[in-house]
Amino acid sequence: MTSTPTSAGIVPWPADLATQYRELGYWTDDLMVDALRISALRDPHKIALVDGDVRLSYAQLFERADALAVNLRKLGLDVDDRVVVQLPNCWEFVVLTLACLRIGVIPVMALPAHRRHELEYLAEHSEAVAIIVPDVLRDFDHQELAEVIRDVVPSVKHLIILGSDIHEGNVDLGALCAEYSDDLSTLEGLQISPDDIAVFLLSGGTTGLPKLIPRSHNDYLYNLKVTAAAANLDAETVYLVALPAGHNFPLACPGFLGTFLVGGTVVMLRTPEPRKAFDAISREKVTHTAAVPAVVQQWIDFEVAENTGQLGSLKVLQVGGSRLVDELAARVTPVLGCELQQVFGMAEGLINTTLSGDPEEVIIGTQGRPVSPGDEVRVVDEDGNILPTGGRGVLHTQGPYTLRGYYRAEEHNKRAFSSDGWYITGDIVIIRPDGNIVVEGRDKDLINRAGEKISGEEVENLIYRHPGIEMVAAVAIPDAKLGERVCVYVTLREGVHTTLEELRDLMKEANVAAYKLPEVLVVTEKMPLTKVGKIDKKALREDLARRGPIAPGSSVYPE
Ligand code: OOB
């Protein structure tokens, strides 16, 4: 079968904006890998990448990326092929990303927690030619799952496996990651345009399954530049990747790619668990890292309890992914001894940050401002009116690194973008007179569990598979540790009983990522409805507030 060219599913920037972004120097028409390689040439012996005992200099990193690129070409991968990537944080992830950029193969950045439900859809929707996964990770057999998906998704030809137990017919990623290749001729003359898609990121997705976010070389390279500058990265930077590396934040805001751009050193760690993270920070003299608020809470608790004093090298802790409450923000510098940089970003594009040197009140109480002068933001009320400064409403944005449409999602795009093409973030914000943004809530059907986004509709669709469920609504229940967890409200058919366990089992049978499973069940006799007959989630959230704390794992029944 021949697959669709990626460009067929892309909404381009309007020509006048594209011209403007070039004239203003935001888009430089360089390929990402070429820009990154300049760092390698500047100081080839400098350590670029650390993963446990593995230490690669810039020269070695790019030799390996080239060798892998050659081997992927030999396997038959071509410019514009899509591959689903689901790897833990490890040096191979980095080498693979660079190799894909080198040969115009587009990685679809899946998350380690994804299971069949998500991966099969991603492979299908992107018409992926390969799936790249570990053999077994945390007791889950990813290789076996990839084989199941290959058998049902016709585009998938290759399974590329990281690990030691490679089944017959599958390809060993370790073997493809050779130290170098002495014949780079297959890498010459590849037709890759800087307007082509470099990577596909995943959206949190408010309707059903995650949407694919196309990021072009021009836009994503610019994203690296502006976020690296905002975080004051330079060649002395040692950046720790502790969040899942396929997320926009640790990937490119500035993340590991942004660190390479300035010639710094990247440290890969599989988990942000405090003991391991603190050891890595002190061992490698980490200067910058990114965390979600739930991780910051753990780090602060750990430091208060253990008084490790291990964070002396840490200059900047970037925090984003969900709202950092002011009380926690205020503790970062006193307890961890580093600067806080709030980052309010989205895989779709727009990144806002506080900056070093901002007044304390800004750093603690706001989510910062757009990193690029090309970012345009406006706040819109329920009737679509643009509000004056200080008004509270939904944030819309457009700019040189914010998408114009999700990949192959024509219908959804009509709702996710305004008629003039701005991205409707769904975040409810106030933009202060000084330009800093405060995130106050959201107007989108999404649950933010420790930075992982869960679509309410997706959970509901899965629970509707239960024949005894009459109506179901998934809403966020506030949680001290994770920010939010998934709570489901259900009404039941006559004579039916259900439990949280049963609904969780139902979702497990559907093979969805575990973070999406509901953690609180409320059985109710009547669902509140809006005037147009939709379930009134606002009323449900108010109901939750009235009920007070409900422990995770609980089911609540009518009296
Ligand atoms: C990051 O990206 P996504 O795509 O996983 O999620 C984006 C959404 C935003 O629309 C907003 O609802 C929420 O996550 N969010 C925040 C926030 N940062 C993200 N809400 C409140 N305060 C913040 N600081 O989450 C992301 C991407 C790049 C850098 C940082 C985070």
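The values are calculated or read from the model by the stated rules, or taken from the named source; none is laboratory data. This structure is a prediction, so every number in the text was calculated from the model and none was measured. Every residue, glycine as well, gets a Cβ built from its backbone with ideal geometry; the counts of neighbours run over all protein chains shown. Surface accessibility is based on the protein's heavy atoms, side chains included, excluding ligands, DNA and RNA. Shrake-Rupley method; radii C 1.70, N 1.55, O 1.52, S 1.80 Å.
Residues in the range 312-352 that are within 15 Å of the ligand (Cβ to nearest atom), part of a loop (DSSP other than H, G, I, E, B) and open to solvent by 10 Å² or more (accessible area, probe 1.4 Å): GLY321, SER322, ARG323, VAL325, ALA347, GLU348. Taking the range 397-446 as the range and being of a type in the set (Val, Ile, Thr), within 11 Å of the ligand (Cβ to nearest atom) and under 24 Å from GLN341 (Cα atoms) as the test, the residues that pass are THR397, THR425, ILE428, VAL429, ILE437, VAL438, VAL439.
The helices (runs of 4 or more DSSP H) located wholly in the range 438-557 that include 1 or more residues which are touching a residue at least 40 places away in the same chain (Cβ under 8 Å) and farther than 30 Å from GLU327 by Cβ occupy 456-463, 500-509.
Each residue in the range 128-153 was checked for being open to solvent by less than 10 Å² (accessible area, probe 1.4 Å) and under 14 Å from ASN511 (Cβ atoms), and 3 of them qualify. Residues in the range 449-478 that are within 15 Å of the ligand (Cβ to nearest atom), open to solvent by 20 Å² or more (accessible area, probe 1.4 Å) and more than 19 Å from ALA510 (Cβ to Cβ): ALA450, PRO478. Taken as a whole, the range 105-127 holds no residue that is over 30 Å from GLU458 (Cβ atoms) and either open to solvent by less than 50 Å² (accessible area, probe 1.4 Å) or assigned to a helix (DSSP H, G or I) (or both). Per the listing PHE256, PHE260, the residue uniquely outside any loop (DSSP other than H, G, I, E, B), in contact (Cβ under 8 Å) with a residue 60 or more places away in the chain and within 16 Å of the ligand (Cβ to nearest atom) is PHE256. Residues considered: LYS225, LYS157, LYS211. Of these, the only one that is touching a residue at least 24 places away in the same chain (Cβ under 8 Å), buried (at least 24 other Cβ atoms within 10 Å of the Cβ) and basic (Lys, Arg) is LYS211.
If only residues of the range 484-519 that are of a type in the set (Gly, Ala, Ser) and open to solvent by less than 40 Å² (accessible area, probe 1.4 Å) are counted, the one that is nearest to ARG449 (Cα to Cα) is ALA513.
A search for C-beta distances below 7 Å between a residue of the range 275-300 that is free of Cβ contacts under 8 Å to residues at least 24 places away in the same chain and any residue that is not in a strand (DSSP E or B) and not basic (Lys, Arg), counting only pairs 6+ apart in sequence or on different chains, returns LYS276/LEU269. Hey, which of the strands (runs of 3 or more DSSP E) in the range 18-94, taking only ones fully inside, have at least 1 residues that are within 30 Å of GLU118 (Cβ to Cβ) and open to solvent by 40 Å² or more (accessible area, probe 1.4 Å)? Output list reads 54-57.
Residue-by-condition table, conditions (1) more than 21 Å from ALA35 (Cβ to Cβ); (2) open to solvent by less than 10 Å² (accessible area, probe 1.4 Å); (3) within 16 Å of the ligand (Cβ to nearest atom); (4) assigned to a loop (DSSP other than H, G, I, E, B):
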| residue | (1), (2), (3), (4) |
| --- | --- |
| LEU243 | yes, no, yes, yes |
| VAL266 | no, yes, no, no |
| PHE278 | yes, yes, no, no |
| ARG283 | yes, no, no, no |
